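Note sheet for the following structure.
The values are calculated or read from the model by the stated rules, or taken from the named source; none is laboratory data. Just so you know, these numbers come straight off a predicted model, no measurement behind them. Neighbour counts are summed over all protein chains in view; Cβ atoms, including those assigned to glycine, are modelled from backbone coordinates with ideal geometry. Keep in mind that these areas ignore ligands, DNA and RNA; they rest on the heavy atoms of the full protein, side chains included. Shrake-Rupley method; radii C 1.70, N 1.55, O 1.52, S 1.80 Å.
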Amino acid sequence: MTLYSRVIGALRPQKRLNRSFAVSFMLFGLLLGFGAFMVLPLIYTVNNAFKPLDELFIFPPRFLVRNPTLENFTDLMVIMGNSWVPFTRYIANTLLITLVGTAGHILLASAAAYPLAKFKFPGSSILFKIVVLSLMFSPHVTAIPNYLVMSQLGWINTQAAIIVPSLAFSLGLFLMKQFMEQIPDALIEAAKIDGANEYRVFWQIVMPNVKPAWLTLMILQFPALWGTDGGSFIYSENLKTLHYALSQVIQGGIARAGVGAAVALLLMTVPILLFIISQSSVIQTMATSGMKE
Amino acid sequence: MVQIHNTTEPALQGLAGGPLKESRLAQLWKDIKKSKHYYFMMSPYMIIFFLFTVIPVVVSFGLSFFYFNMLETPRFIGWENYSRLLLGDDVFMIALKNTFLFAVITGPLSYIACFLFAWLINELSPFVRALMTLVFYAPSISGNVFFIWLIVFSGDSYGYLNGFLMKIGVLLEPIQWLQNEKYILAIVIIVQLWLSLGTSFLAFIAGLQTVDQTLFEAGAMDGIRNRWQELWFITLPSMRPQLMFGAVMQITASFAVAEVSIALAGFPSVNYAGHTVVTHLMDYGTLRFEMGYASAIATILFAIMLGTNMMTQKLLRKVGE
């Protein structure tokens, strides 16, 4: 299908009864209007990253870039090359936190979700109820005791303070459990009759079947860790993250506006690309995300 | 469900006294032993989950009855933190008022927006549906780049809004948007709404795709006249589980506004205009080190979030009736 016919097809709503054209037209106008509100700031960021200095400070400000340049990115490298901690260090720190945190979360959440989804045993329903309950409050509520626990463990100023709590993010377990419930019991029983133990069933039967849910957990966990600034746990400059570096660049004042936009572009591109790649799997998993009454 | 624990072996009756109770315990112990592999598989997750989520909630509640500054040993002071918080802390009252304002406006609005846009997107062709999903979802995952709104609302004439309004002649001089308490709250709400089409939005899109299409034909036969009746009597009841999930996500997020307010309005903001319960919590927890007092704030926040969630879920059960 060509792009043209795809777009035209979009304007012709599904053939269904009870549709009035005028209302359709109005509703899609609404959709386009709000879509613009959502996407314009992002387009603006992209444009700003490529603006030369004179275009950044033009009055009245201009939305689109006219003479795109890579100056901001080269400036970024120069500024960061001169700083005490090399820029690559921030990238490496962020990558470490994000990759270990995301992969570990997928593994631990799946391992915990499998028994909860497929078996009944003492404590299983109460454990799941606690997880659902914990969806209903934000992590801010537990921030202070968390800090106390971290300092008791001696984890202040280590990356473990960011990574370890993120491994047990409750939304991940919830979605994984809901998704695993769809795996046919017969498949698991058959594997057991063939002599596989619980761990083998989990690893060779269940895990390959929940790949869409892996991608979903990834797309939820990755941006959260990728955008972390280290919170109140990391003070050492050597361990700071990309998001922290960004806030420092921005604080550098108005002369750094272009460089700031360049870092912002770096920060937002990765999660958005990931979502584009995993979109259909994510939607598939989300279909099972409902809460039973 | 794989049934593995219905092996009804004869209860241990040999012992004198209360055989029934004892046999139940024995049965339970047997079940536990039989499930040891499951406990083992869950243990890494559950240990971390309890250590950093469940126990902290309990500790926070306990700590709220103490005076604790991280240096001295905690001193029990009963309800004093709560009475000071609720009766003597004017800034907390501002924070509470702001938080409720945020929640009452952004909560329902973002929830309705999540559903409305998901519903509209659902009628598009697959390619455009994917594109629009990306457009609406991208802000919430774009990694804290909401600071770009700082440029939009910047106080000088280079700020996008000021520049625009001055160009068309509405303003003669730039307005300090983020330093003026008249505007701060509204700006934070706008940016919060921009960020709020997250997980629940995806859940709604997915839920809409699983609604049984034959129901619509049946509904048309039964006299459903327009798309609004279709929505209320067929679509919404069919996706009630997703609606519940979405409500939990949106409510929790709308009571936890803090990062956006801090990034845009500063910390503390002018006259506390952007102050919320969470920023108040941060103030006492990370700057003043009054951990007991901060824990009392956290406990109240916890109670508000939980209470609202329960109430909303009760309300949602009435959908489509």
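Straight-distance candidates among the lysines for linking to residue A:120, with alpha-carbon spacing under 28 Å and chain neighbours fewer than 8 residues away dropped: A:129, A:177, A:192, A:211, A:292, B:21, B:30, B:33, B:34, B:36, B:314. When the Cα gyration tensor is reduced to axis lengths a ≥ b ≥ c, the ratio a/c is 1.5 or higher for the protein assembly as shown, and with a/b not above b/c it is classed as oblate.
Which shape class, rounded, prolate or oblate, goes with chain B when its Cα gyration tensor gives a ≥ b ≥ c as root eigenvalues, a/c under 1.5 marks rounded, and past that a/b bigger than b/c marks prolate? Oblate. Hey, how many Å between the Cα centroid of the range A:74-151 and the Cα centroid of the range A:217-253? So the two Cα centres are separated by 13 Å. Ordering of B:272-281, B:168-177, B:47-56 by packing is B:272-281, B:47-56, B:168-177, highest average first (other Cβ atoms within 10 Å, averaged per residue).
On the accessible surface of the range B:164-321, probed at 1.4 Å, how many percent belong to carbon and sulfur atoms?
Details: 4060 of 6610 Å².
The computed percentage sits at 61.
Our note on the geometry: Cα centres of the range B:192-254 and the range B:286-321, 25 Å apart. Residues of chain A were split at every exposed loop site, defined as chymotrypsin sites (Phe, Trp or Tyr not before Pro) in a DSSP loop with at most 15 other C-beta atoms within 10 angstrom, and the longest piece left, sites excluded, is A:85-234. Taking the alpha-carbon distance from residue B:182 and a cut-off under 24 Å, which lysines remain once sequence neighbours fewer than 8 residues away in the same chain are dropped? Output for residue B:182: B:97, B:167. For residue B:67, the residues 5 or more places off, or on other chains, whose built amide H falls under 5 Å of its own are B:75, B:76, B:77. For chain B, return all DSSP H helices satisfying: extent of Cα atoms along own axis at least 30 Å; mean Kyte-Doolittle hydropathy at least 1.0. What comes out of the filter, once short or polar helices are dropped, is B:90-121, B:291-316.
Provide the FRET efficiency to the nearest 0.05 for the residue B:228-residue A:292 pair, computing r from the beta carbons and using R0 = 30 Å. Mind showing how you got there, number by number?
On the way: r = 27 Å, r/R0 = 0.91.
With R0 = 30 Å, the Cβ-Cβ based efficiency is 0.65.
Considering every residue in B:201-208, what mean count of other chain Cβ atoms within 10 Å of its Cβ is obtained?
Across the residues of B:201-208, the mean count of other-chain Cβ atoms within 10 Å is 6.
Taking the highest mean first, how do the peptides B:92-104, B:24-36 order by number of other beta carbon atoms within 10 angstrom per residue?
On the way: B:92-104: 19.2, B:24-36: 13.8.
Order by mean packing, descending: B:92-104, B:24-36.
Shape class for the range B:165-310: oblate, because the ratio a/c of the largest to smallest gyration tensor axis (alpha-carbon atoms, square roots of eigenvalues) is 1.5 or more and b/c is at least a/b. Within chain A, the selection of entire DSSP H helices by a Cα span of 27 Å or greater along the long axis and an average Kyte-Doolittle value of at least 1.6 returns A:21-49, A:257-286. For the segment A:180-186, counting C-beta atoms of other chains within 10 Å of every residue's C-beta and taking the mean gives 1.
Given charges of +1 on the Cβ of Lys and Arg and -1 on the Cβ of Asp and Glu, with all other atoms neutral, how large is the dipole of the range A:28-153 about its Cα centre, in debye to the nearest 20? Could the numbers behind the result be given before it?
Details: 7 positive and 4 negative charges, 121 e Å.
Here the size comes out at about 580 debye.
With a 10 Å cut-off around each Cβ of A:277-290, the average count of Cβ atoms from other chains is 6.
Roughly how many percent of the accessible protein surface of chain A is carbon and sulfur, given a 1.4 Å probe and a whole-percent answer? Can you show the working numbers first?
On the way: 9000 of 13350 Å².
Carbon and sulfur: 67 percent of the exposed surface of chain A.
Per residue, the protein assembly as shown exposes 46 Å² of solvent-accessible protein surface, assessed with a 1.4 angstrom probe and all protein chains in place. Remark: accessible area buried at the A-B interface is about 9800 Å², both chains counted, probe radius 1.4 Å. With the simple model of a label 7 Å out from the Cα in the direction of the Cβ, residue A:107 to residue A:57 spans 5.1 nm. Summed over qualifying helices (DSSP H, 4 residues or more, each -39500 (n - 2.57)) and divided by its residue number, chain A shows a 222 nm mean residue ellipticity of -21500 deg cm²/dmol.
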